[in-house]
Amino acid sequence: MKAPKKVWGRRDCSGECCERMSNTAGPASADARVLTGPEKAPTGIKGFDEITNGGLPRGRPTLVTGAAGSGKTLFGIEFLVRGARDFGEPGVLLAFEEAQDDLVTNVASLGFDLEQLENDGLLAIDAFRLDPAEIIETGAFDLEGLFIRLQMAVESVGAKRVVLDTIELLFSALPNEAIIRGELGRLFRWLKDRDLTVVITGERGKLGNLTRFGIEEYVSDCVVTLDHRVEDEISTRRLRVVKYRGSLHGTNEYPFLITEKGLVVVPITSVGLTYEASNERVSSGIPRLDEMLSGGVYRGSSVMISGTAGTGKTSIGALMADASCARGEKALFFSFEESPEQLIRNMASIGMDLRRWVDSGLLLLEAVRPTAFGFEEHLAMLHRLLDEHEPQLVVLDAVASLTSAGARADTTSAISRDLDLLKGRGITTVMTTLTHGESQESSEVDVSSLVDTWLLLRNQESNGERNRLLFVIKSRGSAHSNQVREFVLTDDGAELLDVYVGPNGVLTGSERIEQISWEHLAQTTRADETERRRQELAQRSAALQAQMAALQAQLTAEGAEFDRFVASEAEGRASGVAVRASQGRERSGEQAGGGR
Amino acid sequence: MSEEKDIAAESEDFTEDINVQGNAPDGQPMYDLRLYVAGQSPRSVRALENLRRVCDEHLAGRYRVEVIDLLVNPALARGDEIVAVPTLVRKLPEPIRKIIGDLSDTDRVLVGLQVRPMGESAQ
């Protein structure tokens, strides 16, 4: 126990010395040449190269330390595999902890085929089996065997990268710590001389020491700590760049994950508010909702649908996904509550056929219990799905469930990261969130200020029934309706209907239907009355017409009478003349004919 | 290299005499030893000298030593899991033991080889 204390003293001293040396050397050399930071070797680990502005310091050792099971070995192996596969830098792995076969098997699940890389001459693995029980010290020794094996491995593949995992085991396997320290010092000089980029893993020591045996004294350039902690029964892995000499780096603790494709570091803060803003509108799949939003939501914007249980949040989300697929754009539906099959079935009940989109590959339904992973896993999963599926619309249903995966503040931060990620990619985001009781206008997860469009669904209870109402609470950058609409789910889809505003407030559901029938009745009654009056008028007009005809007939008759009278009178006059003429003749004939 | 050859010349090939138990005909265990060194460093030379002395004094007639120079045959380092140099590997009798260092501490070498001192073996 005494030895490590001495070690610490020495480490501090050497650390300070290094610090001083570099401080004095730094500015002097910087004046002479162009200012560039240390050259970097990209790790290829997702997110890590972003927070370190390019990777690990090239040609220098980096210490990766953490407790057992924190992913140190994996970090090292991924650094080698990516280097060999993606950056043309072959590597060497000196494994002190695990046998080679175990290593190969363990990382095979991450898609790393170490055997293939070895066969391709891109990787050399040398596993050291050190059994303290069979070793006895009988005098001075050195670690030339280690050097010889390392050199052989490095030369066999022309290595540029070396991982020593975990070299600290030398301390427990071999006696005489002083010799080992001296030899490690020589080892790191040896590695530096050959410009090898090195990752040394170390087990975190007690009392906050970086490593158990103080090997950080050899590594002054870059130190990364890995941490695996469990909060609220949810485990989160975190990574922090404690130190990176000569380089800017993110100093936060970044969550990271071990996924099927290796490590993924999630740089929370690296996503800035710099995304593009599109003027294009995309339809929500509900024509009247588009109308309320002056034509739909902006592409790449975020929509939050909040509401109490059973208000149709998922349905709206699904409708938007459906509309996206109908436009031929890929969509991703991330469900935290329902299985894909259940979702398909439920949406079929409102006349939406999601299966055809799933079958055609346009729609990806991904269901996962929120408690299955921590947020970071969720985020990383989202990341991966975005990469694989490349959707243009993502539905997160329902983000409030995420609160069950951790503390509320974390949820908010996780969701804001989700949103940033999605917005950064120009993906339209729809998230649904559950609200409770009174606080309906505050979203459960406190992200309302982050979203661009907020639709609120509310259940209105009256007359022994509940009806859904939809409001547009906000919609950034567009005029939107201030009207409340009734949201109705039918066998043929969703509809928005005007609500009836009466003396007793807004009427919905059966009240609305009642109102409609009342109005219909009133309309019918009015129509009947009109018809009756029309008929009456027709009748009266007919009667008057008839009267008019009768009078006309009378008039005609009277006219005819008069004509007849006139005619007879003329005739009478004419016959009178004739009578008088004949009388006149008679009277003159009497005079002449009397004499016969 | 002359030192190594000396040692090698002194070692005996006992494979014909060895019995089923891996012992010499007289019942004493046979020692199959392998000494790994790296070049002709003073430490290597010292280890060879010490080994020869121990063998002569305690294992006369029942040992074989193979000396491997890792600078000449680096690939052999992996086979016996050599990290420290010099390392003396006791291949026989089993189990394998590794004695690291320049073998200057004779008592510990004997402990490592599990050789009973001559006085004891005489009893």
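The values are calculated or read from the model by the stated rules, or taken from the named source; none is laboratory data. For clarity, every value in this text was computed on a predicted model and none was experimentally measured. Note that we place each Cβ from the backbone using ideal geometry, even for glycine, and neighbour counts take in every protein chain shown. To get the accessible areas, we keep the full protein, side chains included, count just its heavy atoms, and leave off ligands, DNA and RNA. Shrake-Rupley method; radii C 1.70, N 1.55, O 1.52, S 1.80 Å.
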Long-range HN-HN contacts of A:Ile136 with modeled amide H, under 5 Å: B:Lys98, B:Ile99, B:Ile100
Hz values of 3J(HN,Hα) by residue in the stretch B:54-66 - Karplus curve (6.51, -1.76, 1.60), Gly and Pro given as x: 4, 5, 4, 7, 10, 10, 3, x, 9, 8, 9, 10, 10
Over 32 Å (Cα to Cα) - which of A:Lys206/B:Lys91; A:Lys46/A:Lys206; A:Lys46/A:Lys474; A:Lys243/B:Lys98 fall in this group: A:Lys206/B:Lys91; A:Lys46/A:Lys474; A:Lys243/B:Lys98
Placed amide H near A:Arg212: partners under 5 Å, 5+ positions off or other chain: A:Glu203, A:Gly205
Karplus 3J(HN,Hα) series, Hz, for the stretch A:538-543 with 6.51 cos²θ - 1.76 cosθ + 1.60 (x for Gly, Pro): 4, 5, 4, 5, 5, 4
The stretch A:281-497, accessible area per residue, ligands and nucleic acids excluded (1.4 Å, Å²): 37
Partner chain coverage, peptide A:124-134 - average Cβ within 10 angstrom: 3
Simple label model, 7 Å out from Cα along Cβ direction - A:His389 to A:Glu571, nm: 11.0
For the stretch A:499-552: accessible area per residue (Å², 1.4 Å): 81
Pair A:Thr524, A:Leu497: separation of 7 Å Cα→Cβ label points (nm): 1.8
Shielding by partners - mean other protein chain Cβ count within 10 Å, residues of B:99-107: 6
Prolate/oblate/rounded call for the stretch A:281-497, Cα gyration tensor, a/c under 1.5 rounded: rounded
Heavy atoms of B:Glu49: accessible area, 1.4 Å probe, square angstrom to 10: 80
Cβ-based charge dipole, the stretch A:499-552, positive-most Cα from A:Gln539, A:Ala527, A:Ile513: A:Gln539
For the stretch A:169-218, convex hull of alpha carbons as volume per residue, Å³: 81
Separation in nanometres of the label points that stand 7 Å from Cα toward Cβ, at A:Asp195 and A:Ala550: 12.7
Average beta-carbon neighbours from other chains, 10 Å sphere, peptide A:177-187: 1
Protection-proxy order for peptides A:530-539, B:78-87, each taking the mean of Cβ atoms within 10 Å per residue, highest first: B:78-87, A:530-539
Other-chain or far-sequence residues with amide H under 5 Å of A:Arg58's (modelled H): A:Glu39, A:Lys40, A:Ala41
Protein accessible area in the stretch A:488-560, 1.4 Å probe - carbon and sulfur %: 57
Karplus 3J(HN,Hα) series, Hz, for the stretch B:68-76 with 6.51 cos²θ - 1.76 cosθ + 1.60 (x for Gly, Pro): 10, 8, 5, 5, 8, 10, x, 5, 6
Probe 1.4 Å, all protein chains present, accessible-area order of A:Met304, A:Met381, largest first: A:Met381, A:Met304
Estimated FRET transfer efficiency when R0 is 35 angstrom, pair A:Glu341-A:Arg425 (beta carbons, to 0.05): 0.80
Backbone N within the stretch A:534-578 under 20 Å of label point (7 Å from A:Arg587 Cα along the Cβ vector): A:573-578
Nearest-10 value in Å² for the accessible area of A:Ile427, using the 1.4 Å probe: 10
FRET efficiency estimate (nearest 0.05) - Cβ-Cβ, B:Lys91 to A:Arg369, R0 56 angstrom: 0.50
With DNA, RNA and ligands ignored, accessible area of A:Asp420 (1.4 Å probe; Å², nearest 10): 40
Summed buried accessible area for A+B [probe radius 1.4 Å, Å², rounded to 100]: 2300
